[in-house]
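The structure appears right after this line, and notes come after that.
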Amino acid sequence: MAYENILSDYQNGITTITINRPKKLNALNKDTIQELHDAFDEANNDPDTKVIIITGSGEKAFVAGADISEFADFSVEEGGQLAAQGQAILFDFVENLGTPVIAAVNGFALGGGLELAMSCHFRVASINARMGLPETSLGVIPGYGGTQRLPQLVGKGRAMEMIMTAGMIDANQALSYGLVNHVVEQAELLPLCEKIAGKIMRNSSVAIAEAIKSVNAGYKDGVNGFDTEIKSFGNCFGTEDFAEGTTAFLEKRKADFPGR
Ligand code: COA
């Protein structure tokens, strides 16, 4: 599919999606959010794609937030709709994909940018990255899941402070908060994400999808994560991957998972 605001590139089991509006620091306008949805959907439905990496173009920004110019004159209803649609189309959608998604945070990840990174299954940052939820400095609050996912990742007190001060933290502080898993030089960012993707790809993609579902279940209202885990665990026993994984172990060879 051809996109205007993003790039999507497949290589060796990895689809890398790059938000490509560097002059606007990759700010998320409506079209970009829709294109991201389409690209994630396409990659998730591609049996060859085992891992998705999302990053920003240029050396300065991952995503500097939702596009402020688009919502500056919105009404109460329009504001609510913007958050609801964005969450459904992109942020919840990404979090619940069966294909693992790694955020390669290559610079500013602010507002909707940090919310997008937090929707991914985990994050790796380059040393120049700066992260924050500056919405209260604009008279609004995070609307793409930031008030929920930030406390889940860093704890309530730290999230409260970040949201109330609207300040930015650097990559090393994000690492110490557990907001990102690794910090590397910018040139090493995609190579490290690809190396981690390589490790993920050796394992059963069907089991990984069940694991994502189970981990996410613990964070959903009214859903019992342990029950989800029991069901997902059981599901694995009906897959070709399980037959291959256990047979390979018993035969003392490396598993070659069919991904079914
Ligand atoms: N929405 C729309 N446009 C944005 C944007 C956003 N969230 N973030 C940056 N841009 C645009 C700027 O308006 C500017 O466009 P212009 O060249 O047409 O004037 C361009 O991107 C470059 O940004 P600029 O502010 O000049 O870069 P900087 O290096 O001086 O500052 C930031 C970088 C990230 C600190 C600053 O851009 C910023 O604070 N952005 C908004 C962050 C934010 O509040 N996000 C939350 C939105 S809910």
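Assorted remarks:
To keep it simple, each residue is scored yes or no on (1) part of a helix (DSSP H, G or I); (2) of a type outside the set (F, W, Y); (3) open to solvent by 30 Å² or more (accessible area, probe 1.4 Å).
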| position | (1), (2), (3) |
| --- | --- |
| L114 | yes, yes, no |
| A117 | yes, yes, no |
| M131 | no, yes, no |
| S137 | yes, yes, yes |
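- Condition met for L190 (among the aliphatic types (A, V, I, L, M), closer than 23 Å to L114 by Cα, assigned by TED's automatic domain parsing to the domain that holds S137 and not in a loop (DSSP other than H, G, I, E, B)): yes
- Residues considered: G222, G259, G238. Of these, the only one that is touching a residue at least 60 places away in the same chain (Cβ under 8 Å) and part of a loop (DSSP other than H, G, I, E, B) is G259.
- Identity of the residue in the range 45-67, within 23 Å of N106 (Cα to Cα) and away from the ligand (no atom under 16 Å from the Cβ), that ends up surrounded by the fewest Cβ atoms within 10 Å (Cβ to Cβ): T49
- Residue check, E70 of a type outside the set (A, V, I, L, M, F, W, C), at pLDDT below 95 and either over 23 Å from K195 (Cα atoms) or within 16 Å of the ligand (Cβ to nearest atom) (or both): yes
- The residues listed here are A217, A171; of these, the one that is under 22 Å from F93 (Cα atoms) and either within 16 Å of the ligand (Cβ to nearest atom) or not assigned by TED's automatic domain parsing to the domain that holds A109 (or both) is A217.
- Within the range 98-112, the set of residues being more than 14 Å from L153 (Cβ to Cβ) and crowded, with 19+ Cβ neighbours inside 10 Å comprises T99, P100, V101, I102, A104, N106, G107, F108, L110, G111, G112.
The values are calculated or read from the model by the stated rules, or taken from the named source; none is laboratory data. The shown structure was predicted, so the numbers you read here are calculated from the model rather than taken from an experiment. Every residue, glycine among them, receives a Cβ derived from its backbone with ideal geometry; neighbour counts consider all protein chains shown. Keep in mind that these areas ignore ligands, DNA and RNA; they rest on the heavy atoms of the full protein, side chains included. Shrake-Rupley method; radii C 1.70, N 1.55, O 1.52, S 1.80 Å.
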